[in-house]
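Novice: Take this structure, written in structure tokens, and hold onto it; I'll ask about it next.
The values are calculated or read from the model by the stated rules, or taken from the named source; none is laboratory data. Keep in mind it's a predicted model, so treat the numbers as computed, not measured. Surface accessibility is based on the protein's heavy atoms, side chains included, excluding ligands, DNA and RNA. Shrake-Rupley method; radii C 1.70, N 1.55, O 1.52, S 1.80 Å.
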Amino acid sequence: LLALMATLHFLGFRLVVVLTDSMEPAIPRGSLVLVAPAWLEDPNVGDVILYRVEIASNEYLILHRAVDVQNGFFLTKGDNREFRDPWIVESRNIVGVAVFTIPALGRILLVARPLLVFIATTLAVYPVIKYIVTRVAKTIS
């Protein structure tokens with residue numbers, strides 16, 4: 001499973017957790033979304049796309065629907081929003097196209113993430129601590 005996830009990540013696939021209600025009801029808050037890279041899945045009007053946008057010198061990833069293309073630039077909008085987004089999206093800023101959604105799984109992963117990090121860190125550090133303790137014990141005796 002880890003090898004598959006690493007391969008998909010290497011190929012440009014992304015797993016994204018939806019943090020807001022902007023795409024409801026199609027993609028509820030807390031969903032986990034698999035995004036195929038733009039080089040593999042050409043974005044079209046009607047697709048939900050993941051793209052980069054710079055706001056106040058900070059870069060954000062936004063997952064919204066492409067509602068129009070004008071002169072090669074995408075116009076986007078959250079399904080749960082009245083108006084389209086105030087920016088235009090250049091093709092080079094499109095990360096990919098949403099291809100699969102699992103409602104609520106993203107929320108579960110966000111909650112479980114600190115525990116998973118703790119477990120992974122403990123498993124990684126344990127052999128080092130064991131080695132140090134063993135070496136110190138041999139040195140003392």
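Novice: In sequence order, what are the phi-derived ³J(HN,Hα) couplings for segment 46-56 according to the Karplus relation 6.51 cos²θ - 1.76 cosθ + 1.60 with θ = phi - 60°, rounded to whole Hz, with x for glycine and proline?
Specialist: x, 6, 8, 10, 9, 9, 8, 9, 9, 10, 6
Novice: Further question on the same structure: Provide the per residue accessible area, probe 1.4 Å, for segment 1-61, rounded to a whole number of square angstrom.
Specialist: Heavy-atom accessible area per residue stands at 63 Å².
Novice: From the phi of every residue in segment 36-43, what ³J(HN,Hα) in whole Hz does the Karplus formula 6.51 cos²θ - 1.76 cosθ + 1.60 yield, where θ is phi - 60° and glycine or proline is x?
Specialist: Taking θ as phi minus 60°, the curve returns 7, x, 4, 5, 9, 10, 5, x Hz for segment 36-43.
Novice: How much of the accessible area of the chain, probe 1.4 Å, is carbon plus sulfur, in whole percent?
Specialist: 65
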